[in-house]
Every structure is written in structure tokens, then in C-alpha cells.
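Encoded as C-alpha cells, the structure appears first; notes follow it.
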Amino acid sequence: MPIVAPVTTTTTTPTKMKTVPGAAAQGGHTVKPTKMDPYHYQSGFGNRFESEAIPGTLPYAQHMPQRNKYDLYTEGMTGNSFVAPRAENFHAWLYRIRPSVAHKGFKRLPDNPDLESNFLPLNPKVHVSPTQLAWFPFDLPPNSQKVDFVDGLKTVAGNGDPTLREGLAIHVYLANASMERRAFCNNDGDMLILPVHGRLDIQTEFGKMMVRAGELCVIQRGMKFKVVLPDGPSRGYIQEIFGSHYALPDLGPLGGHGLANARDFETPVASFEIDQNPWELIYRVCGQLHASSQEHTPFDVVAWIGNYVPYKYAMEKFVNVGSISKDHIDPSIFCVLTAKSKAPGVPLADFLIFSPRWDVASNTYRPPYYHRNSATEFMGLIYGNYGGRSDSFQPGGASYETGFCPHGVSYDEFKKATESDLQPMRIHEGTLAFMFESSMMFTITDWAMNKSGKLHEHEPKMWDNLKAQFLNHIDDINVELENSGLPTLGCTTEGVITTAGNHEPSSTNGTNGVNGSH
């Protein structure tokens with residue numbers, strides 16, 4: 001029998017450990033300043049934020065006390081109808097030194113001939129294009145002219161009209177001067193701003209944001225803001241939406257995170273100034289510009305509460321998803337922000353980006369396949385190189401395809417994609433391109449078509465070598481047809497290859513395709 005060692009049992013008295021205090025947060029998390037961005041931000045998308053530049057300023061457990069601390073004025077702002085569903089109800093409470101109503105009235109300003117808001121084809125100042133269009137980068141103003149952000153707005157394309165509360169506009173801004181005691185308030189729509197060259201130091205009623213190339217910022221309808229150019233002359237793109245607000249797209253099978261994560265959006269913290277000097281406010285209403293003067297700064301909000309706020313997002317943080325086996329997924333996987341139209345399930349606007357990522361799909365034609373989409377597409381480049389195009393696509397330039405306009409990469413890109421060894425590869429390294437995509441048709445402004453000096457059509461010759469390679473295989477095809485008991489492809493006296501469908505004799509009066517209904 002095996003020998004079993006005796007079991008010895010010992011009793012150990014546990015050592016009593018001393019409780020050591022941990023640490024507790026002293027406040028909510030904020031994004032800290034950097035060398036290129038000196039401001040603090042709160043994190044999140046669609047949050048109901050609170051911010052106060054002087055502690056204890058916000059009223060306790062109510063929004064409109066009989067008298068605010070420090071005799072501040074309560075001012076409310078709504079971003080939609082009062083009875084909108086809670087998830088879509090946007091509003092803010094501002095506690096400011098002087099209310100916005102303290103102004104000296106309005107006067108109509110001369111029209112900016114390059115700024116458009118009505119995109120109905122009945123407007124003689126807009127044009128329709130059935131073909132692809134492209135623009136080289138738009139020129140900055142000459143040094144001899146002082147042009148700030150508002151004066152430098154130029155409209156390229158759009159849809160609808162702000163009075164209809166449905167539609168959008170695409171602008172560029174071309175500026176070389178900071179706004180001084182001057183602010184802008186767009187009553188027509190939300191503005192998604194994309195700098196390309198030079199940072200924008202944007203002061204809003206809610207606080208300050210520094211926005212660089214690679215970041216987007218959204219200034220929502222009715223918010224006052226001012227733009228300073230810390231790096232000198234600046235240009236970029238703007239998408240303005242008339243009928244709704246931007247939202248994060250639903251993720252569906254992706255689950256709870258991916259694409260643009262809510263935590264990566266940044267909203268300013270309260271920041272105010274004391275300035276009782278004259279200011280000019282420019283209001284845009286139904287496409288018209290109006291000026292209002294007042295004897296105090298519009299940026300005197302000491303504290304605020306709400307979810308109707310400006311925000312920014314660094315697009316390098318986008319979490320790309322894609323095919324890891326074969327074939328393409330629809331480009332909706334590149335959607336950062338979306339805006340609803342009045343039709344359920346049909347977006348007014350999708351904002352898509354194309355940034356560095358892995359491409360690993362096997363046995364797959366990897367560039368965008370040749371396609372005709374119902375969507376209208378307007379594309380721009382923030383930085384880097386976006387290959388496969390015929391238009392010397394450069395940062396600050398643009399391209400446009402109307403709905404169902406056939407488009408795709410050049411023949412050279414097609415040839416490379418169909419013949420290369422498909423290994424996992426990084427694409428768009430060091431590049432950030434974007435697309436404004438809409439279910440709506442666009443018209444193009446007179447400035448973009450005739451005045452900018454940068455318009456050129458895509459060169460159709462880029463597709464000349466996309467020949468009918470099918471015809472090189474006629475002999476092999478005829479063998480297959482014969483083996484299947486089907487009529488072969490013949491050649492008429494005019495040299496047109498024909499075949500008869502449904503086992504009928506071939507006709508020499510026209511060209512028939514192979515009928516697969518046998």
C-alpha cells in the first residue's frame with residue numbers, strides 16, 4: 001500500500017491591516033490646456049452641462065430665481081420647439097452681466113454677393129450640374145484687403161432655404177483679419193466649421209475654443225461668436241444645416257461604442273469678460289445680414305446650464321471600422337455626425353471622414369467601386385494626399401457629384417487594384433479627407449461656377465482606358481456557351497457582336513445580350 005504522509009493542520013491569525021485613505025475627485029473631469037490650445041473643456045456629446053466662472057454663481061435647484069447672485073440677468077435659449085421629445089429638446093440658461101435685449105436696434109447691411117441661402121432652381125443665382133465638378137484651393141484675400149471671418153464667407157452649393165427649415169448650405173471662409181469688437185449670430189442654421197489652414201480662436205457666449213486643422217467645431221443656431229486668427233490668414237470649409245441639429249449616428253450591431261465616441265467631444269467652460277465699449281453684432285436672418293450695436297460685450301456670461309452648446313471634436317480620435325474578410329461595407333461606417341431630415345430614416349446631411357486605417361479585405365476590389373448613389377456628395381481635403389482622382393485634389397479644394405452621377409477612381413487606380421497582390425496595408429496615412437453627403441439634390445452658386453476662378457471639371461479622359469475587356473474573351477465565352485447548349489456570340493457585317501436570346505436565331509439589325517432565362 002502507498003504510504004500517505006500525515007496531514008498537519010495549523011491555525012494562522014490574520015494580520016490586521018490598517019485602512020489607508022484613498023483619494024476623491026475635486027470636481028468633474030475637464031480636458032486640460034496644451035501648447036496649441038490654452039483652454040479647458042468639458043467632455044461628452046449631448047450632455048446637460050453646468051459651468052460657472054465664479055463659484056457659487058449658478059442658482060440652486062431652480063433656473064430663474066427672483067434675483068440672481070451678483071445681480072446677473074437670467075436669459076434662456078431654446079434650440080427647438082418647447083414640446084420636442086426630451087431626447088431632442090435642447091436648451092440653455094445663461095447668467096450674464098447684461099442681457100442680449102440691451103441693444104440699439106437693427107439696420108440692414110448690404111448683401112454679400114458671394115453668400116447664398118436660397119438654393120431653389122428658380123433662383124437665377126444658382127446653377128444645376130449633371131456632371132462631376134472640382135475646384136482647386138480657393139485663394140486667401142490679398143494683403144491689401146482686411147477680411148474677417150464674416151466678410152470672408154463664400155457659398156459653394158446647397159439645398160432648400162432657411163425659411164423652410166429644411167436644407168443646407170456649403171460655404172468656405174477665406175479670412176486674413178481677426179474680428180475685433182464684432183460678433184456674428186447665425187439665426188438660419190447650425191454651422192459645422194472645418195479649418196484647413198490656420199487655427200481659429202473662437203469666443204462664444206459659453207466660453208472659448210481653439211480649433212485647428214483636423215478638428216471640427218459646431219456653433220449652433222442663434223449663438224453669438226467671434227473668430228480670432230492666431231496664426232494669420234486662414235481658410236476652411238463650413239456646412240450649415242437649416243432644419244435640424246447634428247447628432248451621433250446610431251451604431252446598430254456595433255454596440256455601445258465606435259466611430260466617433262461621445263466622450264471625445266469637447267464643450268467650452270464658462271468664460272466672461274467685462275467690456276462696456278461699443279460692439280457690433282452681425283445677425284444673419286433668412287439669408288440677409290443685419291447689424292446691431294450695443295454698449296457692452298456679448299461675451300459676458302458668468303455661468304450657464306444646458307445641452308444647447310457649442311462643441312468641438314478631434315477627428316484623429318475617430319474609431320474606424322471596416323471589412324475584415326471580403327467586400328466593402330457601405331460608407332456610412334465613416335459617419336462622424338448626422339442630421340435628420342423631415343423624412344424618417346433619410347438624413348438631411350451625413351458628415352463622413354476618410355482617415356488612416358488598415359485595409360485587409362481578401363479577394364476584394366479595394367478602392368471605391370464604380371457607383372451611382374442616390375446621395376449628393378461634396379468632398380474636401382483637410383491635409384495629406386487623397387489619390388486616385390483627376391483633379392489634383394489638394395487641401396482647401398473640393399469636388400462634387402450630384403445624385404446618380406457615375407463616378408469612381410481613374411483607370412490607373414483600377415488597374416493597380418485589380419492586379420496587385422492583396423496584402424494587409426495601411427491606407428490614407430497622414431491624410432484626412434471628408435465628405436458632406438446628403439439625400440437632397442444640390443444647386444451650385446454663381447460664385448462657385450463663375451467667380452471663384454477655381455472651377456474645373458473632372459477630366460473624363462481618366463476613364464478612357466476602361467475598355468470593354470469582355471471582348472477579349474469572346475472565344476472562351478463561345479466555348480462556354482456551346483458547352484451549355486446556348487447560341488454563341490456572332491459578329492455582324494458592321495462588326496457588332498451579337499447573340500440571340502431564348503435560342504432564337506441571331507438578329508443582324510441590332511445588338512442583343514445573352515438572355516439568362518433559359
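Cα gyration tensor of segment 367-416, axes a ≥ b ≥ c as square roots of the eigenvalues: rounded (a/c below 1.5), prolate (a/b > b/c) or oblate?
Cα axes put segment 367-416 in the oblate bin.
Roll a 1.4 angstrom probe over the protein heavy atoms and tell me the percent of accessible area of the chain that is carbon or sulfur.
54
Straight-line reach only, C-alpha to C-alpha below 22 angstrom: list the lysines that Lys415 could link to, leaving out same-chain residues fewer than 8 apart.
Lys326, Lys461, Lys467
What does the accessible area per residue of the chain come to in Å², with a 1.4 Å probe and no ligands, DNA or RNA counted?
Value returned for the chain: 52 Å² of accessible area per residue.
Once phi is turned into ³J(HN,Hα) by the Karplus curve 6.51 cos²θ - 1.76 cosθ + 1.60 with θ = phi - 60°, what whole-Hz value does each residue of segment 219-233 show in order, with x for glycine and proline?
10, 7, 3, x, 8, 8, 8, 9, 10, 10, 10, x, 9, x, x
Rg (Å, one decimal) plus Dmax (Å, integer) for the alpha carbons of segment 320-463?
Cα radius of gyration and Dmax of segment 320-463 are 15.9, 47 Å respectively.
For segment 169-220, what does the alpha-carbon gyration tensor say about shape, rounded, prolate or oblate, given a ≥ b ≥ c as the root eigenvalues, a/c under 1.5 as rounded, and a/b over b/c as prolate?
The shape class here is rounded.
Less than 17 Å apart at the alpha-carbon level, and either on another chain or at least 8 residues along: which lysines does that give for Lys35?
In chain and number order, the partners are Lys208.
Quick check on the chain: helices-only [θ] at 222 nm, where DSSP H runs of length 4 and up contribute -39,500 (n - 2.57) each and the sum goes over total residues. Nearest 500, please.
Per the formula, -1000 deg cm²/dmol.
Under the rule that an exposed site lies in a DSSP loop and has at most 10 other Cβ atoms within 10 Å, name the longest stretch of the chain with no chymotrypsin sites (Phe, Trp or Tyr not before Pro) of that kind, not counting the sites themselves.
83-518
The values are calculated or read from the model by the stated rules, or taken from the named source; none is laboratory data. Note that the structure is a prediction, hence the values are computed from the model and not measured. Cβ sites come from the backbone with ideal geometry, for glycine too, and all protein chains shown count toward neighbours. SASA here: full protein model, heavy atoms, side chains in, ligands and nucleic acids out. Shrake-Rupley method; radii C 1.70, N 1.55, O 1.52, S 1.80 Å.
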